[in-house]
1. Test A:SER164 against the criterion of being surrounded by fewer than 17 Cβ atoms within 10 Å (Cβ to Cβ) and either among the polar types (S, T, N, Q) or in contact with a Lys or Arg (Cβ under 6 Å, 6 or more places away or on another chain) (or both), and give yes or no.
2. Hey, among B:ASN173, B:ASN216, which residue is open to solvent by less than 10 Å² (accessible area, probe 1.4 Å), touching a residue at least 12 places away in the same chain (Cβ under 8 Å) and within 26 Å of the chain's Cα centre (by Cα)?
3. Which residues, taken from the stretch A:83-97, are touching a residue at least 40 places away in the same chain (Cβ under 8 Å) and open to solvent by 40 Å² or more (accessible area, probe 1.4 Å)?
4. Pick out the one residue from B:LEU422, B:LEU417 that is surrounded by fewer than 19 Cβ atoms within 10 Å (Cβ to Cβ), within 14 Å of chain A (Cβ to nearest Cβ), more than 17 Å from B:THR246 (Cα to Cα) and not charged (D, E, K, R).
5. Step by step: first the residues of the stretch A:1-22, then only those that are aliphatic (A, V, I, L, M) and either open to solvent by 90 Å² or more (accessible area, probe 1.4 Å) or closer than 24 Å to A:GLU271 by Cα (or both), then the one that is farthest from the other protein chains (Cβ to nearest Cβ). Which residue is that?
6. Tell me which residues, restricted to the stretch B:288-303, are buried (at least 19 other Cβ atoms within 10 Å of the Cβ) and either in a helix (DSSP H, G or I) or touching a Ser or Thr at 6+ places or on another chain (Cβ under 8 Å) (or both).
7. Any chance the stretch B:60-68 includes a residue that's open to solvent by 20 Å² or more (accessible area, probe 1.4 Å) and either under 23 Å from B:GLU405 (Cβ atoms) or among the basic types (Lys, Arg) (or both)?
8. Which count do you get for residues in the stretch A:44-82 that are open to solvent by less than 20 Å² (accessible area, probe 1.4 Å) and in contact (Cβ under 8 Å) with a residue 60 or more places away in the chain?
Amino acid sequence: MSHARKERWTAFLILLPSIILLGIFVYGFIAWTMRVSLSKWDGITPDYTWVGFENFHRLFSKDIGGVAAIRFRIDLWNTFFFTVLFLLACVGVGMLLAILLDQRIRGEGVFRTVYLFPMSLSFVVTGVVWQWIFSPGTASRPRGVNALLGMMGLEQLQWRWFTSTESIGPFHLALIPVIVAAAWQMTGYTMAMYLAGLRGIPEELREAARVDGATETQVYRRIIMPMLRPITLSALIVLGHISLKIFDLIYTMTGKGPGFVTDVPGIFMFETTFQGNHYAQGAAISIVMLLMVALVVVPYLVTSMRGEVER
Amino acid sequence: MRNNRVWFLVLALVLMSALALSACAAPAAAPAAPAGEGEQQGEAAAPAGENQLEIFSWWTAGGEADGLNAMYEIFKQKYPDVEIINATVAGGAGSNAKAVLATRMQSGDPPDSFQVHAGHELIDTWVVADKMEPVTFIFEDNGWMDAYPQGVIDIISANDEIWSVPVNIHRSNVLWYNKGIFEENGLEPPATMEDFFTVAEALKAAGVTPMAQGDNGVWADNHLFENVMLGVMGPEKYAGLWTGDTDWNGPEVKTALETYAKMMDYVNEDHAALNWDQAAQMVVDGDAAMYIMGDWVAGYYTSLGLEPDQDYGWAPVPGTDGVFMMLSDSFGLPKGAPHRENAIRWLEVAGSKEGQDAFNPLKGSIPARTDGDRELYNVYLQSAMDDFASDQIVPSYTHGAAASEGWVTGISDAMTLFVADLDVEAAQTNLAQACVDAGVCSE
């Protein structure tokens, strides 16, 4: 008994520093941000007068918030479409690349490194480079991708890219170049995860399936895909929380765009807080962002915790 | 027993994932100025109480950094014992610096003096928050009350006190044009908004893009809009917008929005992808005929080796002849400045004729005083000095002189929507709401 108690104390002491740091710098500041979001703080001087959910009402009701509510609604739609398409692209292309690399081709290491390289860049670098690539230019003097299309005689495909204000319903087409840039950067990550997953599947299983008469497509659909499911889940969680909070890529690549076509809550929060000095309003946006991320991450944590307990 | 172990495992897992998540969050949350911030904090760590002077600004490169160093040189000659700490934060046209400054001021760690746009950006952010000391006594002690034009004194004053020392003046309402294109087509730079559209139509017919625009940042939309408003409604009505005397729901603002929308028929297609310097480049390259932008364009052209009046021409924005829409960088005196004596000495250098004539030729702006040494400035700046001395002065809202930062972000949001859909009615409603939100207009 005393041995166990000692062990417990050791574990507690080892964890203590991180508990304290996390308590202050993560949960403490979350609590403080919540308090600010319920206050009247507008301007440089803190003002903690309680106003309830007024700052949230401004974000969600057009009658009270005016442009802020219009902008926030656009931001939420943009985040939704960006996240869904970004995840689909990363998972789809990443899995495809992993399956191709898993065919024991020659020079696999080279390809793996090439696909993984973009991940080592900062989103800021990616943003600047892809801004050059997708900068549209004019009809008489096209730039970037448009110049390339012009050289190939595909003028009809030239487009205004991220400066376009066209939309299909609430989906702004200007988001497409941003999604391409983000997926270019993060696809290597999903590829690496899937590749590890594929290598973790025992060859005997595939062999057994083949012996039972499964075609190669069936082997992938019935055996390999189901076994990769936990990897898909982890990838979705990691990429999902990146895309819900995306800031730096869009800030450097397109900014909020004309008519907020590429605006996201992160940029709105930054401008509101640090350019407009509306601290309470900015805190309210942060809290909404936190809730969005929590919706994705908490179920994941709960499942993985349950997994641990069962084991 | 087993349960306990599981419990610790779970706890460790939660903590680790939380750490991992917060680690992932860090790069996403920080704006792109880590280098400047680190540098600035490192220097601020020097022991207090020494004979130092810490100056905070976002002048990190080019002519403006050279100009700042020239002022430092003058200071060093006068006060050789004082160690100058040049605290700069690069990037974002000052928005990164402002975020760092706000953090320092809120935590009671002000620099001795900091760069801030003269006018409401200073007054509505820092003076109302009771973070500044008035500098009226410096103006009086040095006999500057007559050296600065009354229009400038009005912009930097509130509650019967002066709050900062302006070091330079930029002009917002300038129309830059390509002299070659205008000569070939037998055109004169337009004097009124009606002329503007006649000229633009003629240029369009001649196959030239009439006007350049580079509004990758919404501030460039604001910049054009403030000039269109000034050109359409004149200086009195324009100035009234910022005091609540001119109705944002009125016909003048409507006409301004309609004029702006009409102008968009004459600009380059890719304006939303360009920055101001790329748009300025279009004019000297002959890709566009005109460009409405502040007079830092002249500084940019000088850096390209171009000569004013030969390689490019300029005129007041149509409808704004005799009016000088100004913006200005200034330095203030924060309360609790660690080296107050040195800060006052610095402000005396920054506001002196000597200091301004050292700074401005390098920065490409004109002195805020009316007694600058003309010989030091190029043809464009000389003409700006003449106009500044004689014209009616109005403040620019885009660059912090006319309105609070909170109000400007509200206008920016309205303009961001407007440039996409050009819906005049919705824009006017949103602009009127922004004025109400700023606490200047009543509902």
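The values are calculated or read from the model by the stated rules, or taken from the named source; none is laboratory data. Just so it is clear, the model here is predicted, and its values are computed rather than measured. For neighbour counting, all protein chains shown are included, and Cβ atoms are generated from backbone atoms with ideal geometry for every residue, glycine included. In case anyone asks, the SASA skips ligands and DNA or RNA and just uses the protein heavy atoms, side chains included. Shrake-Rupley method; radii C 1.70, N 1.55, O 1.52, S 1.80 Å.
1. On the way: surrounded by fewer than 17 Cβ atoms within 10 Å (Cβ to Cβ): no; either among the polar types (S, T, N, Q) or in contact with a Lys or Arg (Cβ under 6 Å, 6 or more places away or on another chain) (or both): yes.
Taking the combined requirement at face value, the residue does not satisfy it.
2. Numbers: B:ASN216 fails: open to solvent by less than 10 Å² (accessible area, probe 1.4 Å).
Sole residue among the options that is open to solvent by less than 10 Å² (accessible area, probe 1.4 Å), touching a residue at least 12 places away in the same chain (Cβ under 8 Å) and within 26 Å of the chain's Cα centre (by Cα): B:ASN173.
3. The first filter runs over the stretch A:83-97 and keeps only residues touching a residue at least 40 places away in the same chain (Cβ under 8 Å), leaving A:83, A:85-87, A:89-91, A:93-95, A:97.
Listed by number, the residues that qualify are A:LEU85, A:VAL93.
4. Sole residue among the options that is surrounded by fewer than 19 Cβ atoms within 10 Å (Cβ to Cβ), within 14 Å of chain A (Cβ to nearest Cβ), more than 17 Å from B:THR246 (Cα to Cα) and not charged (D, E, K, R): B:LEU422.
5. Step one: of the stretch A:1-22, the residues aliphatic (A, V, I, L, M) are A:1, A:4, A:11, A:13-16, A:19-22.
Of the ones still in play, those that are also either open to solvent by 90 Å² or more (accessible area, probe 1.4 Å) or closer than 24 Å to A:GLU271 by Cα (or both) are A:1, A:13-14, A:21.
Numbers: A:MET1: 9, A:LEU13: 12, A:ILE14: 9, A:LEU21: 9 Å.
Only one residue fits best here, namely A:LEU13.
6. Restricting attention to the stretch B:288-303, the residues satisfying the condition of being buried (at least 19 other Cβ atoms within 10 Å of the Cβ) are B:288-301.
Hits for the stretch B:288-303 are B:ALA288, B:ALA289, B:GLY294, B:ASP295, B:TRP296, B:VAL297, B:ALA298, B:GLY299, B:TYR300, B:TYR301.
7. If we filter the stretch B:60-68 for residues that are open to solvent by 20 Å² or more (accessible area, probe 1.4 Å), which is where we start, we get B:60-64, B:66.
Restricting the remaining residues to those that are either under 23 Å from B:GLU405 (Cβ atoms) or among the basic types (Lys, Arg) (or both) gives B:60, B:64.
Scanning the stretch B:60-68, I find at least one residue that is open to solvent by 20 Å² or more (accessible area, probe 1.4 Å) and either under 23 Å from B:GLU405 (Cβ atoms) or among the basic types (Lys, Arg) (or both), so the answer is yes.
8. Step one: of the stretch A:44-82, the residues open to solvent by less than 20 Å² (accessible area, probe 1.4 Å) are A:44, A:52, A:55, A:59, A:65-69, A:71-72, A:75, A:78-79, A:82.
Applying the additional criterion that residues be in contact (Cβ under 8 Å) with a residue 60 or more places away in the chain yields A:44, A:55, A:59, A:68, A:71-72, A:75, A:78-79, A:82.
Adding up the residues that qualify gives 10.
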